[in-house]
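What follows is a single structure, written as structure tokens, with notes after it.
The values are calculated or read from the model by the stated rules, or taken from the named source; none is laboratory data. Since this is a predicted model, take the numbers as computed values, not measurements. All Cβ positions, even for glycine, are placed from backbone atoms using ideal geometry, and neighbour counts span all protein chains on display. These accessible areas exclude ligands, DNA and RNA; they are computed on the full protein's heavy atoms, side chains included. Shrake-Rupley method; radii C 1.70, N 1.55, O 1.52, S 1.80 Å.
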Amino acid sequence: TIDRAMKDDPTITLDYIRSRRFSSDHCGFWPRPAQLPVLKNLNWIVSCNGAFINRSSPWLKVYGEQYGKWISPMKSLVDAGITTVYENEEAWSVPEGTKFPNGVNSNTYFGSAALLISRKNKEGKVIAPEERIDRVTLMKMMTVWQSQYFQKEKELGTLEAGKLADFVVLNKDYFTV
């Protein structure tokens with residue numbers, strides 16, 4: 001569609017498209033490996049959620065296990081140089097005392113994020129371990145890179161004088177739990 005638009009209207013240039021920083025959300029079986037160079041070339045931003053590891057993994061029985069690397073392909077996106085941010089739409093309350101597989105409530109902000117580090121679905125199966133990311137990358141996806149997604153790098157994303165600052169006080173060390 002973008003190629004057609006640029007062909008039909010010469011004022012829509014590749015530089016213009018890149019400057020718009022278009023984005024796409026959700027990563028259940030998307031993006032495919034062949035799409036990564038296109039996304040990089042267009043300066044596209046992708047937001048993904050770890051919950052797709054639970055939501056989409058049952059479909060691997062239909063399509064084949066080899067497509068597990070298409071579910072929230074965080075490492076591939078980051079390695080391709082594509083700005084990748086963490087999204088979450090899963091946070092809802094659950095009854096007190098609920099037991100969760102692997103001890104992780106993926107229905108919380110950090111619970112869903114933890115799936116991007118472990119890649120372990122609710123059945124305990126690791127889906128595409130090669131797509132795991134580390135905690136530092138995940139933190140960047142939640143902060144610095146997120147400000148690019150919102151096109152507000154001058155106002156958000158890092159703790160600096162003159163920027164807005166939201167911060168969270170955690171009851172455990174993010175880098176060890």
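Note on region 14-43: among residues that are in contact with a Ser or Thr (Cβ under 9 Å, 6 or more places away or on another chain) and in a loop (DSSP other than H, G, I, E, B), the one that is farthest from Val85 (Cα to Cα) is Phe29.
Take the conditions of a type in the set (Ser, Thr, Tyr), part of a loop (DSSP other than H, G, I, E, B), modelled with pLDDT under 90 and surrounded by 13 or more Cβ atoms within 10 Å (Cβ to Cβ) and apply them to Ser106. Does it pass? Yes; evaluated as a whole, the condition is true for this residue.
Thr84 satisfies every condition listed in (1) buried (at least 20 other Cβ atoms within 10 Å of the Cβ); (2) at pLDDT 90 or above; (3) closer than 24 Å to Lys61 by Cα except (3). For region 141-174, a residue qualifies if it is open to solvent by less than 60 Å² (accessible area, probe 1.4 Å), over 20 Å from Phe22 (Cβ atoms) and over 14 Å from the mean Cα position of the chain (by Cα), and the qualifying residues are Thr158, Lys163, Ala165, Tyr174.
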